[in-house]
Amino acid sequence: MLERATSVLISGFVGVLLAQPPPVAPPKPDSEQVKALIEKAKKAGGAVWAEEAHFFCEAPRANSPNDPPIEPTKIFDNVYVIGNRGTVAYVISTSSGLLMIDSLSPDQTETQLLPGFQRLRLDPAQVKAIVMGHGHADHFGGSAYFQEHYGSKVYIAAADWDLLEHPPVGQGKGKQGPPPPLPKHDQVIMEGQPILLGDFKLRPVAIPGHTPGSMGFIFPVKDNGKTYMAAMYGGTILTPGIISDEGLQTYAKSVAHFKDETKKARVEVELQNHPLMDPIQTKLDNLKNRKKGEPNPFVVGQANYQRFVDVMAGCTAVNIARRKGV
Ligand SMILES: [Zn+2]
């Protein structure tokens, strides 16, 4: 009896011990080789992308539910942005209704997404299509609501439909709250198959790595009637720690592919769904204070767009080198 009581006591005690967070090993200082790769990435970015290089190479962080909301804003003649400093959705007006890229987290439908439509005097019932950068809940969160209430078509790459319909065991463990509402299986995004809505054409580029079905998008935006090509890398790895070795290698190849495609398309507008490394609030402030004739702050130019992607590539090389322990 005593023995049993002791063992219960001990297992109870072990349980308490295991409930504590495991001790965090101090990060290994970067080797000279890794430091050289960081310098290379910083040089590729130059002054324009210094903050991006610091974020991706040295101080990455995940988006957070506490990221402060942004003022819902019309950033181009045909593009609106809604969300917060960590995660945003874009609404694009076309000749046949609205197309939305991403849809924030499920708990932000009522607090940020729909109020954003109201603020911008946009009718959510006009959203004909929602196109997801990838199949995580902070991107598809509002899509089930729009599908159910407004009949919006939901587009996700096949591999990420699979991911959200059959999440890997253990995913979401430790997260609070109910599971996210899933959109009903709908349209599939594929590279080589543009998504058309009225006069608007969005070109998907497959960029697996963050998830198997991550997608980048290339599409035209208009500023005071002038057309520019914009791109959004819809599967940016914010915190490399959670990605497998294979995932990082795949990501490196995808970044190179995206560089090729955006170069060919002469992309000169940098848009993000997690605008942490290229802070959106600064751009919105600049847009608000923009004087007649000044450039739109989201237009960075073709050369700078390529440098932005070079920094992503450079810091991915840094993360791969760190992983290899060189
Ligand atoms: Zn994600």
Original post:
Does any residue in the stretch 226-253 that is in contact (Cβ under 8 Å) with a residue 60 or more places away in the chain and away from the ligand (no atom under 15 Å from the Cβ) come within less than 8 Å, Cβ to Cβ, of a residue that is open to solvent by less than 10 Å² (accessible area, probe 1.4 Å) and of a type in the set (Gly, Ala, Ser) six or more places away or on a different chain, and which pairs are these?
Top reply: Ala231/Gly216
**OP:** Among the numbered conditions (1) without any contact (Cβ under 8 Å) to a residue 24 or more places away in the chain; (2) in contact with a Ser or Thr (Cβ under 9 Å, 6 or more places away or on another chain), tell me where Arg121 comes up short.
**Re:** (2)
Original post:
Which pairs have Cβ atoms under 8 Å, sit 6 or more apart or on different chains, and link a residue in the stretch 42-68 that is over 23 Å from Val269 (Cβ atoms) to one that is at pLDDT below 95 and of a type in the set (S, T, N, Q)?
Top reply: Pro60/Thr239; Arg61/Thr239; Ala62/Thr239
Subject >> Filter result for Val188 (touching a helix residue (DSSP H, G or I) at 6+ places or on another chain (Cβ under 6 Å) and over 20 Å from Thr87 (Cα atoms)) >> reply: yes
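Yes or no, residue by residue, for (1) open to solvent by 40 Å² or more (accessible area, probe 1.4 Å); (2) hydroxyl-bearing (Ser, Thr, Tyr); (3) more than 28 Å from Phe146 (Cβ to Cβ):
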{"position": "Lys184", "(1), (2), (3)": "yes, no, no"}
{"position": "Leu238", "(1), (2), (3)": "no, no, no"}
{"position": "Ile242", "(1), (2), (3)": "yes, no, yes"}
{"position": "Thr250", "(1), (2), (3)": "yes, yes, yes"}
Original post:
In the stretch 57-162, which helices (runs of 4 or more DSSP H) lie fully inside it and hold 3 or more residues that are surrounded by fewer than 20 Cβ atoms within 10 Å (Cβ to Cβ), modelled with pLDDT of 95 or more and away from the ligand (no atom under 16 Å from the Cβ)?
Top reply: 114-119, 143-150
Subject >> Identity of the residue in the stretch 163-172, in a loop (DSSP other than H, G, I, E, B) and either within 16 Å of the ligand (Cβ to nearest atom) or among the small types (Gly, Ala, Ser) (or both), that ends up modelled with the highest pLDDT >> reply: Pro167
Original post:
Which one of the conditions (1) within 16 Å of the ligand (Cβ to nearest atom); (2) buried (at least 20 other Cβ atoms within 10 Å of the Cβ); (3) at pLDDT 95 or above does Pro180 fail to meet, given that it meets all the rest?
Top reply: (3)
Original post:
Is it true that Val300 is of a type outside the set (Asp, Glu), touching a strand residue (DSSP E or B) at 6+ places or on another chain (Cβ under 9 Å) and open to solvent by 20 Å² or more (accessible area, probe 1.4 Å)?
Top reply: yes
Original post:
What is the residue count in the stretch 193-222 for residues that are part of a strand (DSSP E or B), open to solvent by 40 Å² or more (accessible area, probe 1.4 Å) and either β-branched (Val, Ile, Thr) or within 16 Å of the ligand (Cβ to nearest atom) (or both)?
Top reply: 0
Subject >> Scan of the stretch 44-98 for residues that are at positive phi and out of contact with any strand residue (DSSP E or B) (no Cβ under 9 Å at 6 or more places or on another chain), ordered by number >> reply: Gly46
Subject >> Enumeration of residues in the stretch 254-264 that are open to solvent by 20 Å² or more (accessible area, probe 1.4 Å), more than 26 Å from Lys324 (Cβ to Cβ) and in contact (Cβ under 8 Å) with a residue 40 or more places away in the chain >> reply: Glu261, Lys263
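The values are calculated or read from the model by the stated rules, or taken from the named source; none is laboratory data. Just so it is clear, the structure is predicted and the values come from calculations on it, not from any experiment. FYI the Cβ positions are ideal-geometry reconstructions off the backbone, even for glycines, and counts take in every protein chain you see. Ligands, DNA and RNA are excluded from the accessible area calculation, which covers all protein heavy atoms including side chains. Shrake-Rupley method; radii C 1.70, N 1.55, O 1.52, S 1.80 Å.
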